[in-house]
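Just so it is clear, none of the values below were taken in a lab; they were calculated from the coordinates. Because the structure is predicted, anything quoted here is derived from the model rather than measured. Here the Cβ is made from the backbone with ideal geometry for all residues, glycine too, and neighbour counts use every protein chain on show.
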Amino acid sequence: MESKKLGVQIKGQTLRSKMDIRTLLLCLLLIPASVQAITRVGIVLECPYFCEGDDKKGYIRELVEEFFQLHAKSEPDVQFFALPPFRISQMVETGQLEFGVLNSKDIRYNSRLQSFNSVLGVSYSGIASSVKSDFLVLSEADLVGEEVCFINLPPSLRETFLNLHSKSPSHVISIKGVNSVSRGFEMLRTGRTKILVGEFNSLKNHLGNNPRLAKDYKVSASSFTGYNSLVLFTSDSQKNYSGLNEAFTKYLHQKRESGELKRLMESYFIEDWSQQVTY
């Protein structure tokens with residue numbers, strides 16, 4: 001998700017700054033030749049995929065970091081950069097980042113980018129509401145007339161919802177940016193909204209980390225935003241793509257067969273994506 005501030009994750013530490021994209025690009029380009037073996041990965045800042053200010057790194061970061069450490073030719077140095085989606089694809093395409101992690105739809109039509117065959121998860125919408133509620137959302141129309149708070153609403157859906165709620169705009173609240181999930185649950189807790197709509201796994205992870213909230217609220221899945229695979233990708237100029245792609249498939253298979261992947265996902269209060277539908 002986008003944020004006004006860029007969080008740059010380096011060697012397990014998070015650096016928060018107001019530096020603009022040009023400054024970040026300059027920093028990447030000025031890395032000395034002696035450390036060019038660094039593997040730079042761009043990823044959107046959203047827990048449980050990539051977490052900040054938490055004891056946990058995010059399950060995608062943990063998997064990708066371990067994979068590159070296992071397959072590095074020399075001492076591994078994997079760095080993660082939290083950036084908006086369009087910057088990630090742009091910087092991977094131009095070689096300023098070696099790899100990126102995004103929704104498959106974000107790179108689907110870019111012929112200069114190639115994704116790994118094995119996906120890293122599935123992203124879709126979730127609905128948080130009171131445990132006493134029997135509210136069911138199958139389409140956008142089910143939300144009309146309700147008091148709804150949207151977290152990081154995708155631009156493609158924003159106009160749709162505004163049109164549907166044109167007769168009662170005061171019922172619709174949209175929040176985004178830093179700590180948007182916790183802010184959304186606070187609005188739910190204080191009665192400023194009755195329904196919270198966000199990314200399913202993010203909502204589940206937040207409830208899991210807050211047992212008191214979990215007593216009063218629940219999260220149910222909804223498909224009205226579609227199911228989007230999360231993929232690791234690189235540029236079409238990556239010489240070792242074929243070998244890495246095959247190795248990555250074997251790596252995830254072994255993690256799943258050993259039960260390690262299941263335990264990792266449970267530590268973030270979510271399920272293995274192999275049980276979910278992908279598109």
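Neighbours of Lys255 by Cβ distance under 11 Å: Lys/Arg scored +1, Asp/Glu scored -1, total -1. Full extension of the chain between Ile38 and Gln96 gives 19.7 nm of extra length, using 0.36 nm per residue less the Cα-Cα distance.
Structure shown: which of Lys204/Lys250; Lys57/Lys194; Lys176/Lys215; Lys176/Lys204 lie over 23 Å apart, alpha-carbon to alpha-carbon? In this structure, Lys204/Lys250; Lys57/Lys194; Lys176/Lys215 lie more than 23 Å apart at Cα. Working note: Karplus 6.51/-1.76/1.60 with θ = phi - 60° gives segment 93-105 the couplings 4, 8, x, 7, 10, 7, 9, x, 10, 8, 5, 4, 5 Hz, where Gly and Pro are set to x. Modelled label positions at Gln69 and Leu136, each set 7 Å beyond Cα in the direction of Cβ, lie 4.5 nm from each other. Counting Lys and Arg as +1 and Asp and Glu as -1 over every other residue whose Cβ lies under 11 Å from the Cβ of Val101, the net charge comes to -1. One Cα centroid belongs to segment 95-149, the other to segment 172-197; the line between them spans 18 Å.
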